[in-house]
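> Quick one: structure below, then a few questions.
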Amino acid sequence: MTRHRLRARILDFMGAHEDGSRDDASLDALLDEVAGVQARAIPAYARLARRAGGPLPAAVPTDVFRFARLAIHSDEEDLRVFRTSGTTQHERGAHSFRDLSLYDRAAEIQARRFLFPDERPLRFVLLSPSAIDAPDSSLSYMLDLLATRFCTTSRHYLSRGSVLAEELEKDLRDAEAERVPVAILGTSFALVHAEDALGTRSFSLPAGSRLMQTGGFKGRSRELSPSEMRTRLCSRYGIPEERIVSEYGMTELSSQFYEPSLRASLLGEPAPPRRYVPAPWVRAFPVDPESLAPVPDGELGILRIDDLANLDSIACIQTSDLARRVDGALELVGRAPGATPRGCSLAIDEMLGGSA
Amino acid sequence: VSLRLVDSLEDRLERALAIAARFEALGAERRVELLLAATARLESSIEPHVDELARTSGLRNANVRWGLSTTFETVTKDALTSIVRSAEAAGPKGSLMRPRGLHALILSGNVFTAALRALYVPLCLGNPVIAKASARSDLFAHLLTRALVETDPVFRDAVAVVTFSSRESDLVALLLGRCHTVAAYGSDETIRALRLRLGAGVRFLPHGHGLGLAFVEGDGTDDEVAAFADDVTAYDQRGCLSPHALLLTGDARGFAARLQKALAAASFRRPRGSLPIDVGAAQVQWRGVAQARGELFEGLDFSIAVERATRPRLSPGYRNVSIVGVEDRDAFIALAGSFGAHLKAVGVGGMRPSELSLRLGCVPRICALGQMQRPPLEAAWEGAPAHDGLVAY
């Protein structure tokens, strides 16, 4: 019953702040309540919470999702389990959901605000596997969800890790000819693969077109700096640079962060800095890696994210991402190299398949 | 800058090649004398450099002093002579041992004193050495070469430390192209990249990724617990000989509780150095998993994880270590074998080191607890004798 009531209150909170307004005092109180429920229901979190000091609930390091079940319900009640990619650690982290209503609501509100504030009919070009092909990918689920809410037609152009270049070219040429704006949504490494697959072919997509990239390269393609990537994408697809944005999300979270530049451009506002804006139901701040206390604004720390939409798992997450907070938004500096030991020691852990 | 460095490196290489015959002709006995004298000279003049060594290595002063003293004490006449004698004895009967020639050395920055053994072994065998150090931690190597040069002018040409980025591919090519042997310390990626650039006939001595483990039969004595704390504390557990986990047949939790006290004492004597933020991030993850699925014993600058697992989670170093219970010695041997050549040191308690024999292909240095980071100068390295690759017959 508590969970049911909390879920309703969280949905109300999301609805009340759909416009991006923040009420951090109420958010803090709700997060405390949610974390309390979770600490009572999840043994692994209870052990962590017992040792935590300070005014904030304990945050669970993302690696724990690889080793322990972190859900307030039994696995028989799982509706969906999203898993982290298996490229960097042998064991994949699992994020279990009893229902997806909070996830869906969070994704929809954030996407409407930062990707589709103009509510314009768009054709979706998805450089990701479909949720049917990748049922445990939270990204595939989210993109398919957005397709049901914000586009006229959508198609996936990634199959078994390869870009369907001919189909992609044909459909983009059709969009050019029909003057239908396109939203290209995909992972950074898929976009790099598309760059390679498309060769010299370039496009002038109709006004209103936009592009969202997400995720790192994870060793699946050559790496490009964010600005170099934007320049290439701009030149490839004919989409203005300010309408090319990055999304930041994690399997362990239910909410996403976006750069606000596309929204500002569509609404005719001045270009904001390229920093990630947390959703109003998310508390995100870098912490000192030793004390785990928040670091002052402008200083580098490791990013902690408290996501109210993670009701059935763990709301307070400690990532390995290095970040600084500036004017309430986040500059991501990069992902710390996990448990890769220093010097001539190594991640033999990974090489040999991690711990049992 | 690159042009000046190319000129300088070119010059150093030419001089080292030109001195090779004279350096060989000095004879092993004289070279040993000079190395001993240089070590004494450096040891007596090192104190003013401790602050800077601490700053550049990231270690605290007390740990720097420990590293220096335990490294200097390995340089003895017996040790150096034994390296030469072993090399002579390894050749075919009646053959003459000769140095292979100019030796290139690619140093890594994780253990600041590692330059000493890496320089001294080829030098005592008569090979001139050009060492490439990383910019952030080349001080000890420079101090060492300065002491050598001040001891005898022959070292002005017979040894040099150069500092440049590995991305300076023209300099790397120049260095690798002129040397007869190349020893490289660093990540497996670095080793792979260097191997691809070597010319035919160059003898490559790679020292890639590695780590240490410890094994205790029984519960371990208090002395063994304290000795293991020293192994963890040394170089802030950043070396390829550093133990990431201790496996024991006795009570893991009890050992961890005793180790917590021992590490608190060791850390008081030799506090941990600064924690890089990316290591801090990894440490948070590692400790969090231990808390969630087992037990974590923490101190001011260390932690000990006890988890029910069949194999330990390797830690990010910086004084984070796992204690894992194993059924028996065979279980440890099986686990150690799974690390293959990457396992570079095994500290042993509850038995004599000589009683532990590991599987083929797994060739760490096996030693008593407390000695993991104190390899003798003449010790075999990764299963090969110290002179391996550095002499011809």
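> Can you give the three extents of the C-alpha atoms in the stretch A:172-212 along their principal axes, from longest to shortest, in whole Å?
28, 21, 11
> Report the semi-axes of the equivalent ellipsoid for the stretch A:104-164 in whole Å, largest first, where each axis is √(5λ) for an eigenvalue λ of the Cα gyration tensor.
21, 14, 8
> Rounded to two decimals, what is Rg over Rh for the stretch B:86-154 when you use alpha-carbon atoms and the Kirkwood radius?
Value, to two decimals: 1.05.
> What three numbers, in Å, describe the spread of the alpha carbons of the stretch B:305-358 along their principal axes, ordered from the longest?
29, 23, 20
> For chain B, take the longest principal axis of its alpha carbons; what is the angle in degrees between that and the long axis of helix B:139-151, to the nearest 10 within 0 to 90?
40 degrees
> To continue, here is another question. I want to verify a result. In a Gaussian network model of chain A, Cα cutoff 10 Å, which of these has the top mean-square fluctuation: A:R149, A:R210, A:R160?
Maximum among the listed residues: A:R160.
> For chain B, what is the calculated [θ] at 222 nm in deg cm²/dmol (nearest 500), taking -39500 (n - 2.57) for each run of four or more DSSP H residues and dividing by its residue count?
Result for chain B: -14500 deg cm²/dmol, rounded to the nearest 500.
> With a cut-off of 8 Å between alpha carbons and a minimum separation of six or more residues, what is the relative contact order of chain A in percent?
Over chain A, the number comes to 18 percent.
> When you take every Cα atom in the stretch A:60-116, what is the radius of gyration, and what is Dmax, the widest Cα pair distance, in Å?
When restricted to Cα atoms, the stretch A:60-116 yields Rg and Dmax of 13.7, 37 Å.
> Based only on the alpha carbon positions, what is the Kirkwood hydrodynamic radius of the stretch B:182-228, in angstrom?
Taking the inverse mean of 1/r over all distinct Cα pairs, the stretch B:182-228 comes out at 13.6 Å.
> When the convex hull of the C-alpha atoms of the stretch A:205-287 is computed, what volume per residue in Å³ does it have?
In the stretch A:205-287, the Cα convex hull volume per residue is 135 Å³.
> Related question: So if I average 1/r over every pair of distinct C-alpha atoms in the stretch B:152-278 and take the inverse, what Kirkwood radius in Å does that give?
18.2 Å
> Give the order of B:S169, A:S188, B:S354 when sorted by the count of other beta carbons within 10 angstrom, beginning with the fewest.
In order of increasing Cβ crowding within 10 Å: B:S354, B:S169, A:S188.
> Which value does Rg/Rh take for the stretch A:169-314 over its C-alpha atoms, Rh per Kirkwood?
Ratio of gyration radius to Kirkwood radius for the stretch A:169-314: 1.03.
> Separate question: Work out, in µm²/s and without decimals, the Stokes-Einstein translational diffusion coefficient of the stretch A:227-275 at 20 °C, 1.002 mPa s, Rh from Kirkwood over C-alpha pairs.
In µm²/s, the coefficient rounds to 181.
> Relative contact order for chain B using alpha-carbon pairs under 8 Å, separation at least 6, rounded to a whole percent?
19 percent
> Ok, one more. Find the relative contact order for the stretch B:177-312 and round it to a whole percent, using C-alpha pairs within less than 8 Å whose residues are 6+ positions apart.
Reported as a whole number, the value is 19 percent.
> Shielding of B:288-301 by partners, i.e. mean partner chain Cβ atoms within 10 Å per residue?
Mean inter-chain Cβ contacts per residue within 10 Å come to 5.
> Using the C-alpha atoms of the stretch A:255-302, what convex hull volume per residue, in cubic angstrom, is computed?
It is 95 Å³ per residue.
> Two decimals, Cα atoms only, Kirkwood Rh: what is Rg/Rh over the protein assembly as shown?
The Rg/Rh ratio comes out at 1.03.
> So, one more: For chain A, what is the calculated [θ] at 222 nm in deg cm²/dmol (nearest 500), taking -39500 (n - 2.57) for each run of four or more DSSP H residues and dividing by its residue count?
Value at 222 nm, helices only, nearest 500: -10000 deg cm²/dmol.
> Quick one: what do you get for the stretch B:218-313 if you divide its Cα Rg by 2.2 N^0.38 Å?
1.04
> Please state, rounded to one decimal and in Å, the Kirkwood hydrodynamic radius that chain A gives when every pair of distinct Cα atoms enters the mean of 1/r.
Over chain A, the inverse of the mean reciprocal pair distance is 21.1 Å.
> Also, quick follow-up: Provide the three semi-axes, in whole Å and in decreasing order, of the ellipsoid equivalent to the stretch A:22-112 as defined by the square roots of 5 times the Cα gyration tensor eigenvalues.
So the equivalent ellipsoid measures 22, 20, 14 Å along its semi-axes.
> To continue, here is another question. Give me P(r) over the stretch A:73-184, computed from all C-alpha to C-alpha distances, binned every 5 Å, as integer percentages.
2, 11, 17, 20, 18, 15, 9, 5, 2, 1, 0
> May I ask for the equivalent-ellipsoid semi-axes of the stretch B:233-276, computed as the square root of five times each C-alpha gyration tensor eigenvalue and listed largest first in whole Å?
Equivalent-ellipsoid dimensions as semi-axes: 21, 15, 7 Å.
> Cα centroid distance between the stretch A:194-215 and the stretch B:88-166, in Å?
For the stretch A:194-215 versus the stretch B:88-166, the Cα centre distance is 53 Å.
> Using only the alpha carbons, work out the radius of gyration and Dmax of the stretch B:1-144 in angstrom.
16.5, 51
> Something else: Treating chain B as a set of equal point scatterers at the Cα positions, no solvent, please give the Debye-formula log₁₀ I(q)/I(0) at q = 0.13, 0.14 Å⁻¹.
-1.09, -1.23
> Further, regarding this structure: I want the antiparallel fraction of DSSP beta bridges within chain B, as a percent rounded to 5.
15 percent
> Report, to the nearest 10°, how far helix B:28-45 tilts away from the longest principal axis of the Cα atoms in chain B, using its own Cα long axis and a range of 0 to 90°.
Computed tilt is about 60 degrees.
> Ok, one more. Rule-of-thumb check for the stretch B:94-220: C-alpha Rg over 2.2 N^0.38 Å?
1.17
> Which whole number of Å³ per residue matches the convex hull of the alpha-carbon atoms in the stretch B:312-393?
131 Å³
> To test your reading of the geometry: what angle, between 0 and 90 degrees and rounded to tens, separates the Cα axis of helix B:61-72 from the longest principal axis of chain B?
So the inclination is approximately 60 degrees.
> In addition: Please identify the cysteines of chain B that lack any partner cysteine with a Cβ under 4.7 Å from their own Cβ.
Lacking a cysteine Cβ partner under 4.7 Å: B:C124, B:C179, B:C362, B:C367.
No lab work stands behind these numbers, since they all come straight from the coordinates. Worth saying up front: this structure is predicted, and the values here are computed from it rather than measured. Note: ideal-geometry Cβ built from the backbone for every residue, glycine included; neighbour counts use all protein chains shown.
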